[in-house]
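> Supplied in structure tokens, the structure appears directly below.
Coordinate-derived values only; no laboratory data. Only a predicted model underlies this, so the values are computations on that prediction, with no experimental measurement involved. Cβ placement follows ideal geometry from the backbone for every residue including glycine, while neighbour counts extend to all protein chains displayed.
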Amino acid sequence: MKGLSSKLIHGQIEDSKRDTFRSLKTPIYDTASYDFENSESMEQAFRGNTDAYIYSRITNPTVTELQNRIKLFAGAENCLCVSSGMAAISNTIVSICQAGDNIISSRFLFGNTYSFFKNTIASFGIETRFVDLENIEEIEVAIDNKTRCIFLEIMTNPQLILFDVEKIAALAKKHQVILIADNSVLTPYIFQSRNYDIDVEVFSNTKFISGGATSIGGSVLTYKSDKWSKIPKLKPEFDKYGSDAFIKKIGKEIFRNFGGCLSPNNAYLQLLGLETIAIRIDKISENALKTAEFLQNHLKVKRVSYPSLKNSDYKVLADKLLGAKSGCLINFELESESACFKFIDELKMIRRGTNFCDNKSMILHPASTIYCDNTKEDKDLMRINERMIRLAVGLEDIEDIIEDISLALIKVN
Ligand SMILES: Cc1ncc(COP(=O)(O)O)c(C=O)c1O
């Protein structure tokens with residue numbers, strides 16, 4: 001099988017691991033624990049000398065199948081699925097950093113990631129140095145011998161900024177710090193971390209992978225699995241795990257101690273979602289581009305961001321990094337906050353809700369929702385203003401999406 005969809009639909013089931021009843025869908029192994037024939041096999045499993053299942057907080061067959069399928073999807077070396085996108089981010093950062101260390105990131109982040117960096121890890125003594133990731137010199141100045149990683153969102157939510165990943169990756173390599181990329185907005189279908197020097201990719205399975213927002217989940221993927229114990233700063237912590245040290249450290253230590261496991265029911269839904277991900281992203285990206293073009297030509301719309309638009313500031317980077325598709329997110333501005341509220345309230349089909357990559361189109365006003373707890377100063381630095389709307393285009397017929405937007409805009413003074 002060569003094509004991505006064929007691989008995602010069929011997976012790579014080894015004959016020895018087929019379901020007893022040859023079920024064509026991966027069964028949901030909804031169990032907490034597993035039976036052992038004798039004490040010897042139990043001891044070997046606990047010592048990690050076999051891959052027998054012990055307890056579903058640690059490993060579970062349905063989740064393993066999802067991990068294998070996501071590994072195929074991304075062309076990654078390894079993958080660990082966890083309970084949410086935030087669990088993927090938090091487990092990753094905690095696996096690399098200790099009190100006294102620092103990480104480097106831009107302020108253009110999903111709201112909970114920003115809060116995790118600014119508040120949560122800060123209270124454990126890990127500093128986040130917020131820099132302009134579009135300015136390579138500024139990043140270099142911020143790196144010191146306590147810097148463990150650079151973190152970025154490949155396409156930032158909700159600003160839709162793209163960074164020059166190649167340059168940032170070269171800098172990370174030069175200074176021997178880990179580059180972590182959050183690919184939630186695009187997924188490996190649009191942006192392939194394996195083609196860049198990205199060490200760890202994280203994403204929220206909740207978005208495209210779950211098959212239209214059926215369930216919450218997240219993934220951590222590695223690409224340079226032999227690298228970990230070669231980085232002097234990380235050597236003491238990673239040496240004992242040998243090859244593939246990062247996933248082993250998370251899996252054997254951080255992930256099982258924090259307990260953020262993915263439920264087998266959600267893994268099942270996410271396996272179903274993966275089977276149709278390519279056609280959904282193709283169609284959603286087509287719908288999103290047409291919607292962005294419509295908004296751009298509307299007199300009541302002050303500004304539109306969508307990286308594939310011909311006049312987007314990020315068009316050159318989008319063509320290079322993403323090819324022809326930019327996913328479902330658009331942001332645009334109306335005259336005022338009250339105009340945004342009026343417009344959002346007048347929509348009949350598009351749902352007022354906080355998610356994206358759903359099959360349904362969804363809309364929200366970021367400043368008063370996801371970022372409502374941030375100060376005005378923070379919001380300014382994050383380029384979140386009260387005139388901005390985030391629209392996540394769905395899979396409906398494009399005529400219906402545009403009609404809904406068009407009729408609602410008529411009602412805005
Ligand atoms: C860019 C980005 N990363 C991470 C997350 C967190 O994902 P989850 O809601 O699955 O925890 C989100 C959620 O919207 C997101 O937009």
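> Assuming 0.36 nm per residue, please report the length gained on full extension of the stretch LYS240 to VAL316 beyond their Cα-Cα distance.
Value of the extension gain: 23.0 nm.
> Counting other C-beta atoms within 10 Å, and keeping those with at most 15, which DSSP coil GluC sites (Glu not before Pro) do you find in the stretch 270-345?
Counting only loop positions with at most 15 other Cβ atoms within 10 Å, the GluC sites (Glu not before Pro) in the stretch 270-345 are GLU335.
> Could I ask something else about it? Between ASN385 and GLU166, what is the FRET efficiency for a Förster distance of 35 Å, r being their Cβ-Cβ separation, to the nearest 0.05?
Calculated value: 0.70.
> Here is a further query. Taking 22 Å as R0, compute the FRET efficiency from the Cβ-Cβ separation of PHE124 and THR375 and round it to 0.05.
Here the calculated transfer efficiency is 0.50.
> Hey, another quick one. Starting from the Cα of ASN413, move 7 Å in the Cα-to-Cβ direction to define the label point; list residues of the stretch 334-352 whose amide nitrogen is under 11 Å from there.
339
> How large is ³J(HN,Hα) for each residue in the stretch 317-326, as worked out from phi by the Karplus curve 6.51 cos²θ - 1.76 cosθ + 1.60 (θ = phi - 60°), to whole Hz, x for Gly and Pro?
Karplus-based 3J(HN,Hα) across the stretch 317-326 equals 5, 4, 4, 6, 8, 10, x, 7, 10, 10 Hz.
> Relative to the compact-globule scaling 2.2 N^0.38 Å, provide the ratio for the alpha-carbon radius of gyration of the stretch 277-410.
For the stretch 277-410, the normalised Cα radius of gyration comes out at 1.01.
> Multiply the residue separation of MET42 and ASP19 by 0.36 nm, subtract the distance between their alpha-carbon atoms, and state the gained length in nm to one decimal.
Difference between extended and current length: 6.0 nm.
> Restricting to DSSP H runs of at least four residues, report the calculated mean residue ellipticity at 222 nm for the chain, -39500 (n - 2.57) per run over all residues, nearest 500 deg cm²/dmol. Walk me through the numbers on the way to the answer.
Numbers: 17 runs with 148 residues, N = 413.
Here the helix-only value at 222 nm equals -10000 deg cm²/dmol.
> Around ARG351, which amide H atoms from residues at least 5 apart in sequence, or from another chain, sit under 5 Å from its own amide H, with H modelled in the peptide plane?
Amide H to amide H, under 5 Å and 5 or more residues apart or across chains, ARG351 pairs with SER361, MET362, ILE363.
> For the stretch 304-314, in order, what is each residue's ³J(HN,Hα) by Karplus, 6.51 cos²θ - 1.76 cosθ + 1.60 with θ = phi - 60°, in whole Hz (x at glycine and Pro)?
Result, ordered by residue: 10, 10, 7, x, 7, 5, 4, 9, 5, 4, 9 Hz.
> Considering every pair of different Cα atoms, what Kirkwood radius, in Å, is found for the chain?
One over the average 1/r among Cα pairs gives 22.3 Å for the chain.
> Determine, for each peptide in 27-34, 379-386, 359-366, the mean count of other beta carbons within 10 angstrom over its residues, then list the peptides with the highest first.
The packing order, highest mean first, is 359-366, 379-386, 27-34.
> Please arrange CYS79, CYS340, CYS372 by counting, for each residue, the other beta carbons lying within 10 Å of its beta carbon, fewest first. Don't skip to the end; give the middle numbers.
Numbers: CYS79 21, CYS340 24, CYS372 11.
Sorted ascending by nearby Cβ count, the order is CYS372, CYS79, CYS340.
> Working out 0.36 nm times the residue gap between LYS342 and ILE402, then minus their Cα-Cα distance, what length gain in nm do you get to one decimal?
19.9 nm
> Further question: May I ask you to work out the translational diffusion coefficient for the stretch 1-116 at 20 °C, viscosity 1.002 mPa s, via Stokes-Einstein with Rh from the Kirkwood sum over Cα pairs, reported in whole µm²/s?
The diffusion coefficient I find is 123 µm²/s.
> Roughly how far apart, in whole Å, are the Cα centres of the stretch 209-227 and the stretch 74-145?
17
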